[in-house]
Amino acid sequence: MSKVLNMQVTDAGYRYIGHYRKGELKMVLEGRGVGCTVYPKDEFNLVKLFFVFGIDCEDGVMLESIKGKVCRVILDDELRPCKLQHITIDSIVWEVK
């Protein structure tokens, strides 16, 4: 049984970890005393991610532009985020891979 929560993006951007010589995209979402972190992997899939937050990314946009935005987060049985959904339009969904 999955759980759905409205959550706000409190941090988003590119994080570089010098010790491992590795960078990653990172989003932190929080709501109702619950928080989760999502690491988007497929840059071609990010168009749907921006649509979830109502952002048109056609001409370029920074990942940080989603800070403060709200979405619905669908958590799996182990309370891990599996999908992000537009706050009012059910058909706009981005799957966490």
Q: Working carefully through the options Val73, Val28, find the one that is without any contact (Cβ under 8 Å) to a residue 40 or more places away in the chain and among the aliphatic types (A, V, I, L, M).
A: Val28
Q) Just for segment 39-58: of the residues that are at pLDDT 90 or above and of a type in the set (D, E, K, R), which one is nearest to the chain's Cα centre (by Cα)? A) Lys48
Q.
Need the failing condition index for Val73 against (1) of a type in the set (Val, Ile, Thr); (2) part of a helix (DSSP H, G or I); (3) at pLDDT 95 or above, just the number.
A. (2)
Q. Here are Arg80, Arg21: which of them is free of Cβ contacts under 8 Å to residues at least 60 places away in the same chain and more than 13 Å from the chain's Cα centre (by Cα)?
A. Arg21
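For (1) in a strand (DSSP E or B); (2) surrounded by fewer than 16 Cβ atoms within 10 Å (Cβ to Cβ); (3) on the phi > 0 side of the Ramachandran plot; (4) touching a Pro at 6+ places or on another chain (Cβ under 9 Å), each residue gets a yes or a no:
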| site | (1), (2), (3), (4) |
| --- | --- |
| Tyr16 | yes, yes, no, no |
| Glu24 | yes, yes, no, yes |
| Leu79 | no, yes, yes, no |
| Leu84 | yes, no, no, no |
Q | The listed residue being out of contact with any Gly (no Cβ under 7 Å at 6 or more places or on another chain), of a type in the set (S, T, N, Q) and open to solvent by 60 Å² or more (accessible area, probe 1.4 Å), out of Thr37, Thr10 | A | Thr10
Q | So Gly33, is it more than 16 Å from Val9 (Cα to Cα), free of Cβ contacts under 8 Å to residues at least 24 places away in the same chain and of a type outside the set (Lys, Arg) | A | no
Q: Give segment 86-97 a look and list any residue that's loosely packed, with under 11 Cβ neighbours inside 10 Å and in contact with a Lys or Arg (Cβ under 8 Å, 6 or more places away or on another chain), or say none.
A: Lys97
Q: Please specify each residue of segment 51-68 satisfying the condition of being in contact with a helix residue (DSSP H, G or I) (Cβ under 9 Å, 6 or more places away or on another chain) and either surrounded by fewer than 17 Cβ atoms within 10 Å (Cβ to Cβ) or part of a helix (DSSP H, G or I) (or both).
A: Val52, Ile55, Asp56, Cys57, Glu58, Val61, Leu63, Ser65, Ile66
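The values are calculated or read from the model by the stated rules, or taken from the named source; none is laboratory data. Note that the structure is predicted; figures quoted are calculated from it, not measured. Neighbour counts are summed over all protein chains in view; Cβ atoms, including those assigned to glycine, are modelled from backbone coordinates with ideal geometry. The accessibility values were calculated without ligands, DNA or RNA, using every heavy atom of the protein model including side chains. Shrake-Rupley method; radii C 1.70, N 1.55, O 1.52, S 1.80 Å.
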